[in-house]
1. Scan the range 84-115 residue by residue and report those that are touching a residue at least 60 places away in the same chain (Cβ under 8 Å) and among the small types (Gly, Ala, Ser).
2. Going by what's in this entry, would residue 40 be described as in a helix (DSSP H, G or I), exposed (fewer than 15 other Cβ atoms within 10 Å of the Cβ) and in contact (Cβ under 8 Å) with a residue 12 or more places away in the chain?
3. Suppose we keep only residues that are among the hydrophobic types (A, V, I, L, M, F, W, C) and more than 15 Å from residue 4 (Cβ to Cβ) within the range 70-104. Which one would you say is modelled with the lowest pLDDT?
4. Could you tell me which numbered condition residue 44 fails, if it satisfies all but one of (1) among the charged types (D, E, K, R); (2) under 22 Å from residue 176 (Cβ atoms); (3) at pLDDT 90 or above?
5. Can you report the number of residues in the range 101-143 which are crowded, with 19+ Cβ neighbours inside 10 Å and of a type in the set (Gly, Ala, Ser)?
6. Do the conditions hold for residue 59, that is, is it in a helix (DSSP H, G or I) and within 14 Å of the chain's Cα centre (by Cα)?
7. What number of residues within the range 43-56 are among the hydroxyl-bearing types (Ser, Thr, Tyr) and either outside any loop (DSSP other than H, G, I, E, B) or under 25 Å from residue 119 (Cβ atoms) (or both)?
8. So, of the residues in the range 81-106 that are over 15 Å from residue 21 (Cα atoms), of a type in the set (A, V, I, L, M, F, W, C) and assigned to a helix (DSSP H, G or I), which turns out to be nearest to the chain's Cα centre (by Cα)?
Amino acid sequence: MEQVIDHDSLQDALKRCGSTWDASQTHGLLSGRLAIAGADSGFDWLSQVLEGTDQSDALRVECESMLGALFETTYRQLAERQSDFTPLLPDEEDNTALRATALAHWCEGFLHGLVAGEHGDDLREKLKAEPLADIIRDMLQITRAAVDEDCDEESDEAAYTELVEYVRVATQLAYEELADLRRPAAEPVSDALH
């Protein structure tokens, strides 16, 4: 049975092990790296998120296990083109301002995942062309998202929901658009993190 990773549990695990990444940034980074490199992105992504943490610390091992489960779930959702892909964000019980900040962090992570590392000419050209150029511009705008103090809570919630849906669909589209540039994974997804 697939382990489900929720935002708050991963957030706590990342803090406990000393990572400088938050849960939303981490999932955004993963989603961007998966779009670029598929299953081959596992080790680099994990190394980046856990950079500077103590490899022998049991808290890191616990966090690494959660990140492994998140990797497998996210990769499967994107690779199998499942509509249940959703950005890892705080629950609806949290206030809209906190969730908007987390969405901005998710988009920062995603953009970093798309542009970090060495890219060949084909990938650079693909990222400059539509629809990826629009997605990158839009997500850059979302990184500046904030709750409008002059709007009522219902309007803020509606705007937030619309942005989350856009990010969800845009991520799936980016994954599809980059499919021809990804190398086929040479190993099963569960081995990609080792």
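1. 100, 102, 109, 113 - these are the residues of the range 84-115 that are touching a residue at least 60 places away in the same chain (Cβ under 8 Å) and among the small types (Gly, Ala, Ser).
2. no
3. 97
4. Looking at each condition in turn, residue 44 falls short on (3).
5. 4
6. no
7. Of the range 43-56, the ones among the hydroxyl-bearing types (Ser, Thr, Tyr) are 47, 53, 56.
If we keep only those that are either outside any loop (DSSP other than H, G, I, E, B) or under 25 Å from residue 119 (Cβ atoms) (or both) as well, we get 47.
The total comes to 1.
8. 100
The values are calculated or read from the model by the stated rules, or taken from the named source; none is laboratory data. Predicted, not measured: the structure shown is a model, and the values here were computed from it. We place every Cβ from the backbone using ideal geometry, glycine too, and count neighbours over all the protein chains shown.
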